[in-house]
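Take a look at the structure set out below.
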Amino acid sequence: MFPGGGGMNDRKMQQMMKQMGIDMTDLDAEEVVIRTPDEELVFTDADVQRMDAQGQQTYTIVGEPESRERGEGGDGSDEPAIEESEGDGGTAEIPDEDVELVATRAGASEDAAREALEETDGDLAAAIERLE
């Protein structure tokens, strides 16, 4: 414990950190999502700080997360659906029915059909044409 019983004041702590080459930055984060294999931890009202020290960045998140299963949220966490609705489709999930249709029509394997659909952003006719 530091002398004085109350610890160091914030200004003194910042001066010492600066002398040691440590820089702290408060981030104005709107949302922080931590994805694990089973769940997502979503911090919507969190205090986030970044510490730069010796060429490495460390993030500190202070707040109470909401826990939800992977892919459950509708707040932008379901990225493939958003990309598909925006027309990107590049990484959007291709429906199995489309894969089967393209594979049957083009006489190709399902893997080849899926790849052609991904390359043509889900366009059935263009995928079939590519495989023929």
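Please go through segment 34-51 and pick out each residue that is hydrophobic (A, V, I, L, M, F, W, C) and over 12 Å from Gly63 (Cβ atoms).
Result: Met51, single match.
How many residues are in contact (Cβ under 8 Å) with a residue 12 or more places away in the chain and part of a helix (DSSP H, G or I) if we restrict to segment 7-27?
0
What are the residues in segment 8-26 that are under 32 Å from the mean Cα position of the chain (by Cα) and open to solvent by 60 Å² or more (accessible area, probe 1.4 Å), if any?
Selection gives Gln14, Lys18, Asp23, Met24, Asp26.
Just to be sure I understand, how many residues within segment 28-46 are surrounded by 14 or more Cβ atoms within 10 Å (Cβ to Cβ), assigned to a strand (DSSP E or B) and not charged (D, E, K, R)?
Going through segment 28-46 one residue at a time, the tally reaches 5.
The values are calculated or read from the model by the stated rules, or taken from the named source; none is laboratory data. Computed from a prediction, not measured in an experiment: that's the story for all the values here. Here Cβ is always computed from backbone atoms with ideal geometry, including for glycine, and neighbour counts include all displayed protein chains. Ligands, DNA and RNA are stripped out before the accessible areas are found, and what is left, the full protein with its side chains, is counted by its heavy atoms. Shrake-Rupley method; radii C 1.70, N 1.55, O 1.52, S 1.80 Å.
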